[in-house]
Amino acid sequence: MPVFDHLGITVDDLDRGRAQFDPIMTALGYDRSDYDRGTSWTREGETELLLYRAREAGTGPHVHGRVGWQHLAFDIDSRAEVDRLHTIAMDAGWTAVREPKEYPRFTERYYASFVEDDNGIRLEFMYNPPRARQEHP
Amino acid sequence: MLIFDHLGLSVADVDRAREQFDPIMRALGFDRFDRENDVSWSRDGEPEFILLPAREPDSGPHVHGRVGWQHLAFEVGSRAEVDRLHTIATDAGWTVVRDPKLYPRFTDRYYASFVEDDNGIRIEFMNNPPRSAE
């Protein structure tokens with residue numbers, strides 16, 4: 001059981017938040033549960049993600065670089081899956097911050113894309129496999 | 001391999017945030033890594049947690065209920081650990097939102113406390129054991 005049990009995000013429009021997050025979370029193998037106050041996505045052995053309706057209307061979007069949410073990165077199994085998740089996000093109305101590309105300043109194997117939803121919540125889809133072992137040293 | 005790889009927060013003052021977060025993260029078994037501009041904590045099998053300097057330092061504190069960060073909950077393993085983490089946080093200058101107590105509206109075993117740092121970042125310490133553990 002992870003120490004990171006659940007993580008909540010406040011959104012302006014819960015229905016819109018559900019519509020934008022659900023295709024991504026479903027593609028990551030999560031199951032969705034809707035409540036009056038919000039929505040939750042769970043998957044065995046993984047941190048739960050929750051969306052809550054904002055208490056006041058019009059407080060968003062959050063602006064990247066201001067105090068608070070910076071970004072959440074999902075570890076994806078392959079470059080092709082990074083590309084697929086990025087396309088799923090685009091199709092759900094997310095804004096591309098960075099198209100999928102290599103990030104050699106992180107590691108020589110790091111491949112990622114960055115997207116933001118209508119609330120300015122930034123997500124990263126990333127693939128950073130362990131350094132391959134030398135098979136015949 | 002975990003799907004949640006890392007989670008980042010923008011804070012007004014990285015040094016102050018390091019002071020407030022480090023006692024908590026260390027108590028949770030995470031190791032700290034200081035870099036030039038930011039700080040991160042990691043533990044095998046857990047997401048990495050990163051604090052970065054806000055580009056607009058005067059943009060905080062974040063107000064709970066407004067769009068953005070809502071809260072992050074740590075499962076700490078027992079009620080005694082909830083109490084211990086809560087004390088560690090308040091000793092590090094965190095503001096109490098809710099002192100440790102039972103939350104029967106979640107489950108009949110749910111015990112938690114809520115605190116906020118200087119940036120208005122809300123954290124929950126919780127213990128919600130499987131029913132079979134009762």
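The values are calculated or read from the model by the stated rules, or taken from the named source; none is laboratory data. Here the structure is a predicted model, which is why all the values come from computation and not from measurement. Methodologically, a virtual Cβ is constructed for each residue, glycine included, from the backbone with ideal geometry; neighbour enumeration extends over all protein chains shown.
Summary of values
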{"quantity": "Of all residues in segment B:51-62 being modelled with pLDDT of 95 or more and more than 7 Å from chain A (Cβ to nearest Cβ), the one that is nearest to A:Arg66 (Cα to Cα)", "calculated": "B:Pro53"}
{"quantity": "Hey, A:Arg131 out of contact with any strand residue (DSSP E or B) (no Cβ under 9 Å at 6 or more places or on another chain), more than 29 Å from A:Asp12 (Cα to Cα) and more than 14 Å from chain B (Cβ to nearest Cβ) or not", "calculated": "yes"}
{"quantity": "Listing of strands (runs of 3 or more DSSP E) fully contained in segment A:1-92 that carry 1 or more residues being surrounded by fewer than 15 Cβ atoms within 10 Å (Cβ to Cβ), away from chain B (no Cβ under 12 Å) and β-branched (Val, Ile, Thr)", "calculated": "none"}
{"quantity": "Residue that is farthest from the other protein chains (Cβ to nearest Cβ), among those in segment B:63-86 that are within 14 Å of B:Asn128 (Cα to Cα) and part of a loop (DSSP other than H, G, I, E, B)", "calculated": "B:Ser78"}
{"quantity": "Selected residue [under 27 Å from B:Val76 (Cα atoms) and in contact with a Lys or Arg (Cβ under 6 Å, 6 or more places away or on another chain)] from A:Tyr30, A:Tyr35", "calculated": "A:Tyr30"}
{"quantity": "Which listed residue is in contact with a strand residue (DSSP E or B) (Cβ under 8 Å, 6 or more places away or on another chain), farther than 30 Å from B:Pro53 by Cα and modelled with pLDDT under 95, from A:Arg32, A:Arg37", "calculated": "A:Arg37"}
